Amino acid sequence: PPDVEVLGRSSWTLLHSIAATYPERPSRGQQSDLLSFVKLFSKLYPCWVCAEDFQTYMGREAPRVGSRGEFGMWLCGAHNEVNRKLSKPEFDCSKWEERWRTGWKD
Ligand code: FAD
């Protein structure tokens, strides 16, 4: 399997990109699809300790899928939880769209 860092970087890219393209006003169906996706993702994520902690986090902080803004902020919080665990700097969540949707270079 790929190493945990390569897997993590590409997975966050996928997740934040899904947030960035999620509608501002999702239908019921889109909301339930995203919720199912995130739940299944957290079960299938191929780093088992990561998956376990992510599921625990989701038990405390239920995924918010009511709009792009809501989901983007929820995901940013989830990512910051992992940042804290790994002693990485916290990301300023007011900048998530600039980073992942309207774009800056990194
Ligand atoms: P990453 O954390 O991969 O971030 C990539 C880019 O995202 C950053 O350069 C920054 O521009 C941006 N970013 C950073 N924070 C945020 C934020 N809060 N919101 C929006 N954008 C942000 N690794 C472990 O060792 N143990 C674990 O338990 C673990 N659990 C994980 C759980 C999940 C669900 C995922 C997806 C990954 C997990 N990882 C875990 C991997 C870890 O989070 C990192 O991806 C990996 O350490 C590489 O880090 P990085 O410094 O390249 O940046």
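The values are calculated or read from the model by the stated rules, or taken from the named source; none is laboratory data. Computed from a predicted structure; not experimentally measured. Heads up, the Cβs are rebuilt from the backbone with ideal geometry, glycines too, and the neighbour counts pull from every protein chain shown. Quick note on the areas: whole protein, heavy atoms, side chains included, nothing else; ligands and nucleic acids left out. Shrake-Rupley method; radii C 1.70, N 1.55, O 1.52, S 1.80 Å.
Please work out which residue is least open to solvent (accessible area, probe 1.4 Å), limiting yourself to region 96-106 and to residues that are within 8 Å of the ligand (Cβ to nearest atom) and more than 13 Å from the chain's Cα centre (by Cα). Looking at residues that are within 8 Å of the ligand (Cβ to nearest atom) and more than 13 Å from the chain's Cα centre (by Cα), I get R99. Go through region 10-30 and report how many residues are under 15 Å from the mean Cα position of the chain (by Cα) and within 18 Å of G72 (Cβ to Cβ). Adding up the residues that qualify gives 12. The criterion of being within 12 Å of the chain's Cα centre (by Cα), more than 21 Å from E98 (Cβ to Cβ), within 14 Å of the ligand (Cβ to nearest atom) and not aliphatic (A, V, I, L, M) does not hold for P46. Restricting the search to region 3-41, which residues are in contact (Cβ under 8 Å) with a residue 40 or more places away in the chain, over 18 Å from P63 (Cβ atoms) and open to solvent by 60 Å² or more (accessible area, probe 1.4 Å)? Once the filter is applied, which keeps residues that are in contact (Cβ under 8 Å) with a residue 40 or more places away in the chain, over 18 Å from P63 (Cβ atoms) and open to solvent by 60 Å² or more (accessible area, probe 1.4 Å), region 3-41 yields only V4. K85 meets all of the listed conditions (1) in contact (Cβ under 8 Å) with a residue 12 or more places away in the chain; (2) more than 10 Å from the ligand (Cβ to nearest atom); (3) open to solvent by 90 Å² or more (accessible area, probe 1.4 Å) but one, namely (2). Residues considered: R64, R101. Of these, the only one that is on the phi < 0 side of the Ramachandran plot and in contact (Cβ under 8 Å) with a residue 40 or more places away in the chain is R101. Within the set L40, L35, the sole residue that is more than 12 Å from the chain's Cα centre (by Cα), aliphatic (A, V, I, L, M) and more than 10 Å from the ligand (Cβ to nearest atom) turns out to be L40. Taken over region 64-82, the criterion of being under 24 Å from S27 (Cβ atoms), open to solvent by less than 50 Å² (accessible area, probe 1.4 Å) and of a type outside the set (G, A, S) is satisfied by V65, R68, F71, W74, L75, C76.
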